[in-house]
Amino acid sequence: MAIQTFSTQPIAGQRPGTSGLRKKVAVFMQPMYLENFVQSLFDVLNEPAHSGESLQGQTLVLGGDGRYHNRAAVQTILRMAAANGVARVLLGRGGILSTPAVSAVIRRHKAFGGIVLSASHNPGGLDGDFGIKYNAVNGGPANESLTDAVYARTLVLSQVRSSDAPDIGIDQLGTHNVEQMQVEVIDPVADYAAVMRELFDFDLIRGMFKRGFTLRLDAMNAVGGPYAKAILEGDLGAPVGTVVNGEPLEDFGGLHPDPNPVNAADLIAHMSGPQSPDFGAATDGDADRNMVVGRDFVVSPSDSLALMTAHAQLIPGYRVGLAGVARSMPTSAAVDRVARALGISCYETPTGWKFFGNLLDAGRVTLCGEESYGTGSNHVREKDGLWAVLFWLNLQGVTGRSVASLVGEHWRTYGRNFYSRHDYEGIPVDVANALMTDLRAALPGLKGRRFGARAVELADDFSYTDPVDGSVSSHQGVRLIFDDGARVVFRLSGTGTEGATLRLYLERYEADPARQDEPLQQALAELAALADAVAGIHTRTGMASPSVAT
Ligand code: VG1
Ligand code: CO
């Protein structure tokens, strides 16, 4: 074994997006592509200015969602970590760790940070996507100042340090050495499961399954499977077969592990009719997202966050109440109403979980959520798919009520925020950029303008000042807020790898219970037409309707 230094050239385009660096597998497999990015990360982590301490002698956590290239990337990163002064790596067995599990392991083992190999909800396989992200000492996604520094480093990188050590066995628990560095292959589930047991009433949930409560959890052939099987079918005694698509496959078996009613159509079909399970759920590629489904009833993620906030004190882990809540800007304001009723703060952040970290660390919020099927709490610093499923299970157990009845009651109490996201995928990048630029330019003239019964009360490009560290993140999405509280938000996706995706977020509040059952897209049709009139989506993209509406 010997540590070697290789010369390299900067590679363009290695700027992390909403959640890490995501590219086509073919791009990641280019010579030095992964190596350059990892070396840039290690170089930045070795500058105490960015991480408080240097990487030398530290412990890192490593694992991924099992997609194509995961196993090869693990070996490359281990060799590089050994050559860059890391003392110890906690590696999930088989190279497997879900995103929330990485967060849990970093926190429980007081590691310096962790590397997650995942492109999350993006498709996998040889023709799919691969990704890498770094989580810091708090267990949460690296903040923008760190990712900016890593990107800057990729542009000037000239050397990569690695070892010529052979591959190590990653499929059995145990300890190995790569140069001076120790690699501990750990059970990917144990730490995470321990955190779940601290938060939820496992006896109650066990009793529910014993009495015949039925759940169908679709792990979409991604990394949620091993966690769901161990906790639901293992610990909690749910019948074998409760978890479907439960083996992580390198190509996710061709499924698109982005749980929404379109991609998880099979789950939706199984949740229809009187014979269907009591409760359904799906998780995404790296198991940080959740979709929650009742019998013949799909829960909007924004409503899920509001409902969890309203009932949190019924769950053991949140019995003392919530310090506050946070939601990403495009997420509906349903949770704001609950926060107001509870007298707790509600923060509005840019899209991406990294913006919740400071609020959680400072004890300002306990629950957070995004419209994109992400919810979580201060138990880790990532969104957490199975956590949300356990929360809903516990809640159904305590209240004895179904998903549909809980949400119906919520709407009657707080009103309903009709909410939908329309995605326009595969737009040429220049067309998408021009649309946003023109929209931004039009903002000053939009304020006060009337569209039918509504007038624009606020038209801006969302900018966020972090209340804890004062950092400013601007250009986070164009929003039009109307005098009746309705909202239209436009932003471009920061996780895609092909062309651009325009996300259009539509929201309208309805207080009258007699009008809360209108079909969702019908209730928002007028706002969708208005958004098109303002931004010229159809004319510019040639798309008469979105690729996906959720
Ligand atoms: C999307 C979602 C965002 C989420 C991010 C990462 O980002 O909109 O809410 O935090 O994915 O989720 P964007 O930039 O494409 O809109 V995951 O589960 O893919 O890490
Ligand atoms: Co994810």
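Residues in region 336-347 include none that are under 26 Å from THR283 (Cβ atoms) and acidic (Asp, Glu). Quick check, is VAL292 closer than 16 Å to ASP384 by Cα and free of Cβ contacts under 8 Å to residues at least 60 places away in the same chain? Here the answer is no, as VAL292 does not meet what is asked. Selection of region 485-502 for residues being outside any strand (DSSP E or B), at pLDDT 95 or above and more than 10 Å from ligand 1 (Cβ to nearest atom) yields only ALA486.
Residues that are more than 9 Å from the chain's Cα centre (by Cα) and open to solvent by less than 10 Å² (accessible area, probe 1.4 Å) were ranked within region 370-385; the one that is farthest from ligand 2 (Cβ to nearest atom) is SER377. Right, ARG107: over 19 Å from the mean Cα position of the chain (by Cα) and either more than 16 Å from ligand 1 (Cβ to nearest atom) or assigned to a strand (DSSP E or B) (or both) or not? No; evaluated as a whole, the condition is false for this residue. For region 4-52, a residue qualifies if it is part of a loop (DSSP other than H, G, I, E, B), within 24 Å of PHE355 (Cβ to Cβ) and either open to solvent by less than 30 Å² (accessible area, probe 1.4 Å) or within 16 Å of ligand 2 (Cβ to nearest atom) (or both), and the qualifying residues are GLN14, PRO16, THR18, SER19. Scanning region 246-257 for residues that are surrounded by fewer than 24 Cβ atoms within 10 Å (Cβ to Cβ) and either hydroxyl-bearing (Ser, Thr, Tyr) or assigned to a loop (DSSP other than H, G, I, E, B) (or both) yields a total of 7. Scanning region 273-294 turns up no residue that is open to solvent by 20 Å² or more (accessible area, probe 1.4 Å), at pLDDT 95 or above and either hydrophobic (A, V, I, L, M, F, W, C) or not in a loop (DSSP other than H, G, I, E, B) (or both). Look at region 347-363: where a residue is open to solvent by less than 10 Å² (accessible area, probe 1.4 Å) and a partner is in a helix (DSSP H, G or I), sitting 6+ places away or on another chain with Cβ atoms under 7 Å, you get THR349/PHE355; THR349/PHE356.
Within region 222-233, the residues that satisfy the criterion of being farther than 20 Å from LEU395 by Cα and surrounded by fewer than 24 Cβ atoms within 10 Å (Cβ to Cβ) are LYS229, ALA230. Scanning region 113-135 for residues that are open to solvent by 10 Å² or more (accessible area, probe 1.4 Å), in contact with a Gly (Cβ under 9 Å, 6 or more places away or on another chain) and farther than 9 Å from GLY285 by Cβ returns LYS133, TYR134.
Matching residues to (1) of a type outside the set (D, E, K, R); (2) farther than 20 Å from GLN159 by Cβ; (3) in contact (Cβ under 8 Å) with a residue 60 or more places away in the chain; (4) within 16 Å of ligand 1 (Cβ to nearest atom):
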residue: PRO16; (1), (2), (3), (4): yes, yes, yes, yes
residue: SER19; (1), (2), (3), (4): yes, yes, yes, yes
residue: GLU53; (1), (2), (3), (4): no, yes, no, no
residue: GLN58; (1), (2), (3), (4): yes, yes, no, no
residue: GLY66; (1), (2), (3), (4): yes, yes, yes, yes
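Scanning region 484-540 for residues that are more than 16 Å from ligand 2 (Cβ to nearest atom), β-branched (Val, Ile, Thr) and surrounded by 16 or more Cβ atoms within 10 Å (Cβ to Cβ) returns VAL488, VAL489, VAL534, ILE537.
The values are calculated or read from the model by the stated rules, or taken from the named source; none is laboratory data. All values derive from a computational prediction rather than experimental measurement. Here Cβ is always computed from backbone atoms with ideal geometry, including for glycine, and neighbour counts include all displayed protein chains. These area figures cover heavy atoms from the full protein model, side chains too; ligands, DNA and RNA do not enter into them. Shrake-Rupley method; radii C 1.70, N 1.55, O 1.52, S 1.80 Å.
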